[in-house]
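Notes follow once the structure below has been shown.
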């Protein structure tokens, strides 16, 4: 069984990681989240659950408004072939969350370490970051360094790379 938000909060507490959570109606998109969150401080994010041609899995985490060129992202990250979005079934199986609830906190459920977590450099400029705590009826704020510490504790050493704001060069243009 995937972890519950309460189990996630207990894991954060056990690591000495400070966090705060607000409850809200379910949100499924960045636009819905933006309309409902009010004035929660910190960076607000989007999470892309991706797979490459050899079924390697990636979670790309960036600011909610970040422009990410999926067409060439596989080359930047060293993946095999272009990315496609992981299916809802694969997301549930590996990351333990439903579509609309994708979050780096899902690492708590990936006991086999199948997912490579990529954190965008621009997002990591925020001291505080906001993510769903495994369900989309809450938002949890956590310090960026504590996010990294949490991911490392789950066995997911995050790669912090610039994945937003990059445009395709001449070779990638169609």
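Among the residues of region 66-83, the one identified as touching a residue at least 24 places away in the same chain (Cβ under 8 Å), under 16 Å from the mean Cα position of the chain (by Cα) and either farther than 14 Å from residue 48 by Cα or exposed (fewer than 15 other Cβ atoms within 10 Å of the Cβ) (or both) is 67.
Of all residues in region 81-97, those satisfying the criterion of being assigned to a helix (DSSP H, G or I) and either out of contact with any helix residue (DSSP H, G or I) (no Cβ under 7 Å at 6 or more places or on another chain) or under 19 Å from residue 160 (Cβ atoms) (or both) are 88, 89, 90, 91, 92, 93, 94. For residue 88, the criteria (1) surrounded by fewer than 15 Cβ atoms within 10 Å (Cβ to Cβ); (2) modelled with pLDDT under 95 hold in every case but one, which is (2). Check whether at least one residue in region 5-19 is assigned to a strand (DSSP E or B), surrounded by 13 or more Cβ atoms within 10 Å (Cβ to Cβ) and at pLDDT 90 or above, and report yes or no. Yes - at least one qualifying residue is present in region 5-19. The set of residues in region 155-174 being modelled with pLDDT of 95 or more, touching a strand residue (DSSP E or B) at 6+ places or on another chain (Cβ under 9 Å) and not in a strand (DSSP E or B) consists of 156, 157, 158, 162, 163. Taking region 98-121 as the range and being in contact with a helix residue (DSSP H, G or I) (Cβ under 8 Å, 6 or more places away or on another chain), closer than 26 Å to residue 31 by Cβ and assigned to a strand (DSSP E or B) as the test, the residues that pass are 115, 117, 118, 119. Only residues that are in a helix (DSSP H, G or I), closer than 17 Å to residue 14 by Cα and under 13 Å from the mean Cα position of the chain (by Cα): list them for region 131-149, please. Within region 131-149, 147, 148 meet the criteria.
Total residues in region 42-80 satisfying the condition of being more than 22 Å from residue 147 (Cβ to Cβ) and assigned to a strand (DSSP E or B): the figure is 1.
Would a scan of region 23-38 turn up a residue that is at pLDDT 80 or above and either surrounded by 11 or more Cβ atoms within 10 Å (Cβ to Cβ) or not in a loop (DSSP other than H, G, I, E, B) (or both)? The answer is yes; a qualifying residue exists. Is it the case that some residue within region 122-130 is at pLDDT 95 or above, assigned to a helix (DSSP H, G or I) and within 14 Å of residue 46 (Cα to Cα)? Yes, there is a match, as at least one residue in region 122-130 is at pLDDT 95 or above, assigned to a helix (DSSP H, G or I) and within 14 Å of residue 46 (Cα to Cα).
The values are calculated or read from the model by the stated rules, or taken from the named source; none is laboratory data. Please read these numbers as outputs of a predicted model, since none were measured by experiment. All Cβ positions, even for glycine, are placed from backbone atoms using ideal geometry, and neighbour counts span all protein chains on display.
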